[in-house]
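Quick one: the structure is below, questions incoming.
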Amino acid sequence: MQGNEGMTDFHTHVLPGMDDGSRSAGESAEMLGMLRAQGVTRLIASPHYYRQRETIPEFTERRGHSAEKLAGEAGAAPPPCMVLGAEAAFFADMSKEPGLRRLCIGGTDMLLLEMPFAPWPAAVVNEVYQIVSSRGITPVIAHVERYMEHKRNLEALDRLISFGVVIQSNAEFFLERGTRRRAFGMLAAGRIHVFGSDCHDTHDRPPNMGALAALLKKKLPPGRLEALQAAEDGLFAGQG
Ligand SMILES: [Fe+2]
């Protein structure tokens, strides 16, 4: 361990055979081991869900088989605790989808939501509001940094935050020197709440939460990382 125990990785592609994630259950088990060594105690397995490709029951059935395969491979390996979720791509009338709650992070009301990679019109922002207000589901916006090239989205993001939406950024946003200043600026402004590795494999896009925790510990005032971890725990407290 690197003294970073307690991190939650909100965004991973550790399930074998799902989306563009790992190539085998063996590689997935290796990824779990890497996350464990980096101090991650809880991770969300969040394979992509695309409405146009399959129904929610088809997706959850596939995901269940994949998780069983991984459990078989990982055997009695110690935690991190893996919670099943999805990286659900936004679609029109999403708030009216009867099965939407089945995509939530297991045992919680949180839904990892991949927003459109384009300027967000009012209709999109309103749809997210409906997910919160009419369904009682809390969207967690996946890899926020990927939408910010569109100026309009920063203002929209603040509206989403005012609805109670949770914002996730990838570790990479902080670790890349070219974007680090912006990442810390967004964190200080309350525009980033939780983190994820968005890891896909052991080499090209590997787990990097340990490096993130070390950087946050170095750059933030004393106690701030622990406060962020406590806030992550708070999102899970009382749920399930
Ligand atoms: Fe992802």
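The values are calculated or read from the model by the stated rules, or taken from the named source; none is laboratory data. Model, not experiment: these values are computed from the prediction. Cβ atoms come from the backbone with ideal geometry, glycine included; neighbour counts cover every protein chain shown.
Give region 64-115 a look and list any residue that's more than 23 Å from Val166 (Cβ to Cβ), in a loop (DSSP other than H, G, I, E, B) and of a type in the set (A, V, I, L, M), or say none.
Ala76, Ala77
Quick check on this structure: which one of Ala213, Ala183 is more than 14 Å from the ligand (Cβ to nearest atom) and in contact (Cβ under 8 Å) with a residue 60 or more places away in the chain?
Ala213
Please work out if Ile56 is away from the ligand (no atom under 16 Å from the Cβ), within 28 Å of His150 (Cβ to Cβ) and touching a residue at least 12 places away in the same chain (Cβ under 8 Å).
no
Being farther than 23 Å from Glu232 by Cα and of a type in the set (A, V, I, L, M, F, W, C) is the filter here; which residues of region 121-147 pass it?
Quick first cut of region 121-147, residues farther than 23 Å from Glu232 by Cα only: 121-127, 130, 134.
Residues satisfying the conditions are Ala122, Ala123, Val124, Val125.
Considering Ile141, Ile131, which residue is touching a Ser or Thr at 6+ places or on another chain (Cβ under 7 Å) and without any contact (Cβ under 8 Å) to a residue 60 or more places away in the chain? Even if it seems obvious, please write down each step before you answer.
Working: Ile141 fails: touching a Ser or Thr at 6+ places or on another chain (Cβ under 7 Å).
Answer to the check: Ile131.
Follow-up question, since we're still on this one. Give Leu111, Leu187 a once-over and let me know the one that is touching a Cys at 6+ places or on another chain (Cβ under 6 Å) and buried (at least 21 other Cβ atoms within 10 Å of the Cβ).
Details: Leu187 fails: touching a Cys at 6+ places or on another chain (Cβ under 6 Å).
The unique qualifying residue is Leu111.
Can you tell me how many residues in region 1-37 are modelled with pLDDT under 90, of a type outside the set (D, E, K, R) and within 16 Å of the ligand (Cβ to nearest atom)?
Counting residues in region 1-37 that are modelled with pLDDT under 90, of a type outside the set (D, E, K, R) and within 16 Å of the ligand (Cβ to nearest atom) gives 2.
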